[in-house]
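Bear in mind that the values in this text are calculations on the coordinates, not laboratory data. Here the structure is a predicted model, which means the values were calculated and not measured. No Cβ is skipped: glycine too gets one built from the backbone with ideal geometry, and neighbour counts run over all protein chains shown.
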Amino acid sequence: MTVWDRPERPTRPVPLDRERIVAAAVALADEGGLEEVSLRKVAARLNAGPMRLYGYIASKEELFDLMVDEVQAEILPDTAPADWREALRVLAHRTRRTVLRHEWLADLLGGRPTLGPNGLAVTEARLAALDGLADIDTVLRAVETVSAYTTGAIRREIAALRAERATGLSKRDWQRANGPHVTRMLATGRFPALAKAVHEGTDVDAETSFATGLDWVLDAVAAQLVQP
């Protein structure tokens, strides 16, 4: 039985329910990451005893499932675009913005499908965007491909943000600090393709990089949706 199927216990003596528990856990994670989330800390924020939380949540893993489902509500647009490509693009960009608001979500994306109501609604929206445009197996592979790109790109962006905070160096500062080493290595002639990328490539921001890569993935999906 999943956490969504199991009924809640009565609220006593401190008013308590899963909604309040999850809200407190999300706030803790937003402030300090998943490592700050424990049943003890959540209970303390709610002025309740830690054991009381077990009447609503059986484990920290269940709490994480509820947290993920809670913030996935932010991914769903009010109105789904009629065009399949725009629908998938909107979902991908909204996923990215949601993770930027809740960085800890990057650590929980890409595993098993989430089975909460919001997680299922996000999956439904992705599948519905392509419904009727190809056979179901093609639709499934297309959604998996777009999701894999979205998750990978977001995780890379979050990793870069965390590295900046950990080192205290911005991207530009890091490049300046490591520039002499890179220049020496490129001067050896062993890395001609990399040298061309460094000297001739255009440096773009994370949002532009994400949008460009997403469009290329959607182009690939479109090629698979062409009907005979």
Per-residue HN-Hα couplings for the stretch 173-182 [Karplus 6.51, -1.76, 1.60; θ = phi - 60°; Hz; x = Gly/Pro]: 4, 4, 5, 5, 5, 9, x, x, 5, 4
Karplus (6.51, -1.76, 1.60) ³J(HN,Hα), θ = phi - 60°, over the stretch 64-76, in Hz, Gly and Pro reported as x: 4, 4, 5, 5, 4, 5, 4, 7, 5, 4, 6, 7, 6
Interchain or long-range residues, amide H under 5 Å from Leu133's placed H: none
Computed over the stretch 55-96, Kirkwood Rh from alpha-carbon pairs, angstrom: 12.0
³J(HN,Hα), Karplus 6.51/-1.76/1.60, whole Hz, each residue of the stretch 88-94, x for Gly, Pro: 5, 5, 4, 4, 5, 5, 5
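With charges only on Cβ, +1 for K and R and -1 for D and E, what is the dipole size of the stretch 168-209 about its Cα centre, in debye, rounded to 20?
The dipole of the stretch 168-209 has a size of about 300 debye.
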Signed unit charges on C-beta, dipole axis of the stretch 18-68, positive-most listed residue Tyr54, Ala29, Phe64: Tyr54
Most mobile of Asp205, Asp215, Asp83 in a GNM of the chain (Cα contacts under 10 Å): Asp205
Three-way shape label, the chain, alpha-carbon gyration tensor, a/c 1.5: oblate
Electrostatic dipole magnitude of the chain [Cβ: Lys, Arg +1; Asp, Glu -1; Cα centre; debye, to 20]: 920
Cα coordinate range in the stretch 1-124, projected on the principal axes (Å, largest first): 51, 30, 24
Whole-number D in µm²/s for the stretch 64-121 (Stokes-Einstein; Kirkwood sum over Cα pairs; 20 °C, 1.002 mPa s): 181
Relative contact order computed over the stretch 93-176 (Cα-Cα under 8 Å; 6+ residues apart), in percent: 36
Global form of the stretch 69-161, assessed from the alpha-carbon gyration tensor, a/c cut-off 1.5: prolate
Shape call, the stretch 18-68: gyration tensor on alpha carbons, a/c limit 1.5: oblate
Only Lys, Arg (+1) and Asp, Glu (-1) charged, at Cβ; the stretch 140-201 dipole about Cα centre in debye: 140
